[in-house]
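As structure tokens, the structure follows; a few thoughts come after it.
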């Protein structure tokens, strides 16, 4: 309670909370507070974080403990306001007071992660799993030390998730992954080898969308799952191979309907598209990291290599980063199928 009271007395008041206060004050009989819990619990998750939701307890007696029933918990650390140790203590005390039996969403974010708190973090995740959380988002890293969070084995066999977003985390399965209800998976900056990717796919029979953002450790994306329809490769962040022109990423995904390859600075020089026979839509939007001369050559060669396996798609979109590559190739006589260029670009919509 001490930490919660401290949060309630913080001077910063978000605009949404001020608006709620004004509404309550204008209603002589505080009619907003007699709304049923289900409606009030739709309002509170729209606030920035759980701290702001806790502060609504000052609005009226009706709101005092309402936050403890929230189906959405958004927990974000502001390093300028809360040292990590205080942040950890705050979460421990907050979750101890929560009374919900079911969680729709659980978001946890800090840029000052310390692996000394690994046990506590996994305990919070276990709490969310106990509440059958559907959408879980975890962003845990430290920009100075590079510490990332090690997810435990219990997390890997929890089938309550329908959506997972894992940033700066890692896991080393000793068991078969079992995410039986998972439909959307976003992974950022994680080392993934082919065996781990296969473990994920075989344990996620309902997975529809897979986003790999700046991941590394693999040279083959073999997506043969019949459920996965959307694949996004948003970069490949292995700086050990950034100047290796012989390093190739191969993509084999015969059942996907949509493919996106994008990154502001792609750290690989070769992507080879294999079987994409079911593909309907493709988006290409990237720049390659390197000097201007070598980068332009590599971008042109990669895009030229894509086209033979993309000629059958109904819609080929070229993003603004890659539109210049298309122009240069056209000027050299390369013939493209119909491509959809960015708005405002010559020949674009």
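Listed here are the residues, each with its yes/no results for (1) at pLDDT 90 or above; (2) in contact with a helix residue (DSSP H, G or I) (Cβ under 6 Å, 6 or more places away or on another chain).
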| residue | (1), (2) |
| --- | --- |
| 237 | no, no |
| 241 | no, no |
| 249 | yes, no |
| 252 | yes, no |
| 256 | yes, no |
| 284 | yes, yes |
| 314 | yes, no |
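When segment 289-307 is examined, which residues are found to be surrounded by fewer than 22 Cβ atoms within 10 Å (Cβ to Cβ) and either without any contact (Cβ under 8 Å) to a residue 12 or more places away in the chain or over 30 Å from residue 227 (Cα atoms) (or both)?
289, 290, 291, 292, 293, 294, 295, 296, 297, 298, 300, 301 - these are the residues of segment 289-307 that are surrounded by fewer than 22 Cβ atoms within 10 Å (Cβ to Cβ) and either without any contact (Cβ under 8 Å) to a residue 12 or more places away in the chain or over 30 Å from residue 227 (Cα atoms) (or both).
Just give me the residues in segment 150-163 being part of a loop (DSSP other than H, G, I, E, B) and either more than 16 Å from residue 199 (Cα to Cα) or in contact (Cβ under 8 Å) with a residue 24 or more places away in the chain (or both), in sequence order.
Step one: filter segment 150-163 for residues part of a loop (DSSP other than H, G, I, E, B), giving 151-152, 157-162.
Within segment 150-163, 151, 152, 158, 160, 161, 162 meet the criteria.
Which residues, counting only those in segment 310-345, are assigned to a loop (DSSP other than H, G, I, E, B) and touching a strand residue (DSSP E or B) at 6+ places or on another chain (Cβ under 6 Å)? Working first, answer last.
Start the filter on segment 310-345 by keeping residues that are assigned to a loop (DSSP other than H, G, I, E, B), which leaves 310-314, 319, 332-339, 341-345.
Passing the criteria: 310, 313, 319, 339, 341.
Could you grab me the full set of residues in segment 193-228 that are surrounded by fewer than 18 Cβ atoms within 10 Å (Cβ to Cβ) and in a loop (DSSP other than H, G, I, E, B)?
Once the filter is applied, which keeps residues that are surrounded by fewer than 18 Cβ atoms within 10 Å (Cβ to Cβ) and in a loop (DSSP other than H, G, I, E, B), segment 193-228 yields 193, 205, 206, 208, 217, 219, 224, 226, 227.
May I ask you to list the residues in segment 77-111 that are under 21 Å from the mean Cα position of the chain (by Cα), crowded, with 17+ Cβ neighbours inside 10 Å and modelled with pLDDT under 85?
77
How many of the residues making up segment 253-269 are surrounded by fewer than 17 Cβ atoms within 10 Å (Cβ to Cβ) and over 12 Å from residue 229 (Cα atoms)?
2
Under 19 Å from residue 106 (Cα atoms), free of Cβ contacts under 8 Å to residues at least 60 places away in the same chain and either out of contact with any strand residue (DSSP E or B) (no Cβ under 8 Å at 6 or more places or on another chain) or not in a loop (DSSP other than H, G, I, E, B) (or both): does that describe residue 166?
yes
Please indicate, with yes or no, whether at least one residue in segment 172-185 is closer than 22 Å to residue 231 by Cβ, out of contact with any strand residue (DSSP E or B) (no Cβ under 7 Å at 6 or more places or on another chain) and at pLDDT below 95.
yes
Which residues, counting only those in segment 95-123, are in contact with a helix residue (DSSP H, G or I) (Cβ under 7 Å, 6 or more places away or on another chain) and touching a residue at least 40 places away in the same chain (Cβ under 8 Å)? If you could, list the steps in order and put the result at the bottom.
Let us first name the residues in segment 95-123 that are in contact with a helix residue (DSSP H, G or I) (Cβ under 7 Å, 6 or more places away or on another chain), namely 95, 97-100, 103, 106, 108, 110, 112, 114, 117, 120.
Within segment 95-123, 97 is the sole residue that qualifies.
Only one of 251, 261, 268, 256 is in a loop (DSSP other than H, G, I, E, B), closer than 20 Å to residue 288 by Cα and in contact with a strand residue (DSSP E or B) (Cβ under 6 Å, 6 or more places away or on another chain). Can you tell me which?
Details: 251 fails: in a loop (DSSP other than H, G, I, E, B); 261 fails: in a loop (DSSP other than H, G, I, E, B); 256 fails: closer than 20 Å to residue 288 by Cα.
That would be 268, the only listed residue that is in a loop (DSSP other than H, G, I, E, B), closer than 20 Å to residue 288 by Cα and in contact with a strand residue (DSSP E or B) (Cβ under 6 Å, 6 or more places away or on another chain).
Kindly establish whether residue 132 is in a loop (DSSP other than H, G, I, E, B), more than 16 Å from the chain's Cα centre (by Cα), within 19 Å of residue 73 (Cα to Cα) and at pLDDT 95 or above.
yes
Please find, among 182, 140, the residue that is part of a loop (DSSP other than H, G, I, E, B), touching a residue at least 12 places away in the same chain (Cβ under 8 Å) and within 17 Å of the chain's Cα centre (by Cα).
182
The values are calculated or read from the model by the stated rules, or taken from the named source; none is laboratory data. All figures in this text were calculated on a predicted structure; none of them were measured in a lab. All Cβ positions, glycine included, derive from the backbone under ideal geometry; neighbour counts span all protein chains shown.
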